[in-house]
Amino acid sequence: MSTENDCYPNSDVLINKYNIRDKELLEKLEIQKVFVKLLGLDVNPARIPYTYDAMHLTKIHKYLFGDLYEWAGTFRKANFYKSERVLSGASAEYADYRDIEKRLESLLQKYEKVDWSDIGQKGGVVSDFLLELWSIH
């Protein structure tokens, strides 16, 4: 990841609450913690009141990553490149940090009429939504 203020000096390891400086170890811990948090949301989705707006997504982000990072649940303040395992080490092209909130609101407006409870017939819609959300993130 390349945002100097978010990484330990001379590394691409995100500054974290555990002071873990090994990228692979941090990634494993992040996967485990987020998995448990997602299970918690599955069991009790009311943990985060549903508002379907940008603030709702920041609350989800804080819930998922807040145990690891001080900045969880906030908008980025810089552009960055992040090596993604699912992209074989490449980075997605992320939104300019100045456009995040505007693009997020636009994305949510675009999909606000989707009946998310009927996801079975809308697999492509879900994929498109998540891809756009990831590129904004």
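The values are calculated or read from the model by the stated rules, or taken from the named source; none is laboratory data. As the structure is a prediction and not an experimental result, all values here were calculated from the model. With ideal geometry, Cβ positions are generated from the backbone for all residues, glycine too; neighbour counts draw on all protein chains shown. Ligands, DNA and RNA are stripped out before the accessible areas are found, and what is left, the full protein with its side chains, is counted by its heavy atoms. Shrake-Rupley method; radii C 1.70, N 1.55, O 1.52, S 1.80 Å.
Quick grid of which residues meet (1) at pLDDT below 95; (2) hydroxyl-bearing (Ser, Thr, Tyr); (3) in a loop (DSSP other than H, G, I, E, B); (4) closer than 22 Å to Trp116 by Cα:
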position	(1), (2), (3), (4)
Met1	yes, no, yes, no
Asn16	no, no, yes, no
Arg21	no, no, yes, no
Glu24	yes, no, no, no
Leu38	no, no, no, yes
Pro49	yes, no, yes, yes
Lys59	no, no, no, yes
Ser91	yes, yes, yes, no
Tyr94	yes, yes, yes, no
If Ala72 satisfies every condition in (1) at pLDDT below 95; (2) in a loop (DSSP other than H, G, I, E, B); (3) within 21 Å of Ile136 (Cα to Cα) but one, which is the exception? (1)
I'd like the full set of residues that are open to solvent by less than 100 Å² (accessible area, probe 1.4 Å), of a type in the set (Lys, Arg) and over 29 Å from Phe80 (Cβ atoms), limited to the stretch 94-124. Lys122
